[in-house]
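Trainee: What follows is a single structure, and I will ask about it in a moment.
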Amino acid sequence: MKIAVLGTTPMTVSCIFQFIKKGWEVAAVISLPESNRPLNSVDLKGISDEIGAVYYETEELNSRETELFLKQMELDYIFSTWPYIIKDNILNVPKYFVIGSHPTQLPYNRGRHPLHWLISMGIKESFISLFIMDSGVDSGNILIQEQYSCVCDYGIQEVYENMLAASNRAIGQLCDKLEKNPLYQGMVQDDSKANYWRKRNIFDVIIDCRMRAVDIQRLVKSFNKPYECAVLVYKDNMIRVTDAQIMKSTEGEDSLQRMETGKIVRIEENSISVKASDQIIQLFADTDIRGIQFGKYIYPPAKYVMEEPELFQKLSKYVQS
């Protein structure tokens, strides 16, 4: 089978090599110019050269130019990890169909930033879904689903690697199915069960000490390296938090309950321990924070946004994709 792969991420790379492992011809790799790539993107030019595929960059996948480029390849399938909507002119290019991928158990949890949501909401397992792309969002017939764990000790990279392993297994199984029946149509999704997750923004990754400690910990894990990290705001400082650990308090239960949220318990070179709504949590920063003149408390972030006019501008530019 002859296929083109669309994408920008490590998952794109993993899928390319899985198709090759199954004996498929990866004829072309389509990516975005570097300035347009989302977070966690990689350069696919070297991979394309390594496997002998044509490498093609485009700012607009749905353009007539890209359509003509793909048509002249005479593809059986296109496989997409593309971060944006794909229109009908591209969906109609291959002989059979475009295969989409989404790391949830469709029809549940369609939409934006699924891995981030899965971790921040404390969902312990999910599925990689491969499906026939149509004009909707993550709504086409399901071809195959493979389970993976969303439990992580450190953060999102662990879950991403679990998802990659599941996608490799799913691609292997799907290749076997399509070689037996190239027109395999899978299973229609039940749209009545579908929900759509929205795009996350900076306000989803700001730590508020009024949250439960476990929710702060999940938030930090959902956006730590290789992403930009959750943010603890203090006055005009944006502190990137790479990890969070819930502490066993030496205070008695009654004393802990009486402690105000946001009270600073301890400051070290690269961490600050504060009272969340229910427990004390240690937040690890990506830099030395001892130069910051902390008071006794971390107040809710809205206080600092109102008092520091430039802070809102900084925050609004923080999460770019």
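Trainee: Could you pull out every one of the helices (runs of 4 or more DSSP H) wholly within the stretch 245-321 that has 3 or more residues that are within 28 Å of the chain's Cα centre (by Cα)?
Mentor: 301-307, 309-316
Trainee: For the stretch 280-287, does any single residue satisfy the condition of being exposed (fewer than 13 other Cβ atoms within 10 Å of the Cβ) and either in contact with a Lys or Arg (Cβ under 7 Å, 6 or more places away or on another chain) or at pLDDT below 95 (or both)?
Mentor: Yes.
Trainee: Are any residues in the stretch 217-264 of a type in the set (Gly, Ala, Ser) and touching a residue at least 12 places away in the same chain (Cβ under 8 Å), and if so, which ones?
Mentor: Ser222, Ala230, Ala244, Ser249, Gly262 - these are the residues of the stretch 217-264 that are of a type in the set (Gly, Ala, Ser) and touching a residue at least 12 places away in the same chain (Cβ under 8 Å).
Trainee: Does the stretch 145-156 contain any residue that is under 17 Å from the mean Cα position of the chain (by Cα), closer than 25 Å to Val231 by Cβ, of a type in the set (Ser, Thr, Tyr) and assigned to a loop (DSSP other than H, G, I, E, B)?
Mentor: Checked the stretch 145-156: at least one residue is under 17 Å from the mean Cα position of the chain (by Cα), closer than 25 Å to Val231 by Cβ, of a type in the set (Ser, Thr, Tyr) and assigned to a loop (DSSP other than H, G, I, E, B).
Trainee: Filter the helices (runs of 4 or more DSSP H) completely within the stretch 29-117 down to those with at least 2 residues that are of a type in the set (D, E, K, R).
Mentor: Per the criteria, 45-51, 64-71.
Trainee: Could you identify the single residue in Lys124, Lys71 that is within 30 Å of Ala213 (Cα to Cα) and over 15 Å from the mean Cα position of the chain (by Cα)?
Mentor: Lys124
Trainee: Sticking with this one: Identify, please: which residue in the stretch 157-189 is assigned to a loop (DSSP other than H, G, I, E, B) and touching a Leu at 6+ places or on another chain (Cβ under 7 Å) and is, among those, nearest to Gln105 (Cα to Cα)?
Mentor: Gln189
Trainee: Right, something else. So, in the stretch 1-28, exactly how many residues are assigned to a helix (DSSP H, G or I) and of a type in the set (Val, Ile, Thr)?
Mentor: Residues meeting the conditions: 4.
Trainee: Determine whether Tyr304 is under 30 Å from Pro10 (Cα atoms), surrounded by 15 or more Cβ atoms within 10 Å (Cβ to Cβ) and either at pLDDT below 95 or in the same structural domain as Gly122 (by TED's automatic domain parsing) (or both).
Mentor: No: the conditions fail for Tyr304.
Trainee: Also, I was wondering about something else. Name the residues in the stretch 82-106 that are surrounded by 21 or more Cβ atoms within 10 Å (Cβ to Cβ) and not hydrophobic (A, V, I, L, M, F, W, C), would you?
Mentor: Pro94, Gly100, Ser101, His102, Pro103, Thr104 - these are the residues of the stretch 82-106 that are surrounded by 21 or more Cβ atoms within 10 Å (Cβ to Cβ) and not hydrophobic (A, V, I, L, M, F, W, C).
The values are calculated or read from the model by the stated rules, or taken from the named source; none is laboratory data. Keep in mind that this is a model prediction, so the values were computed, not measured. All Cβ positions, even for glycine, are placed from backbone atoms using ideal geometry, and neighbour counts span all protein chains on display.
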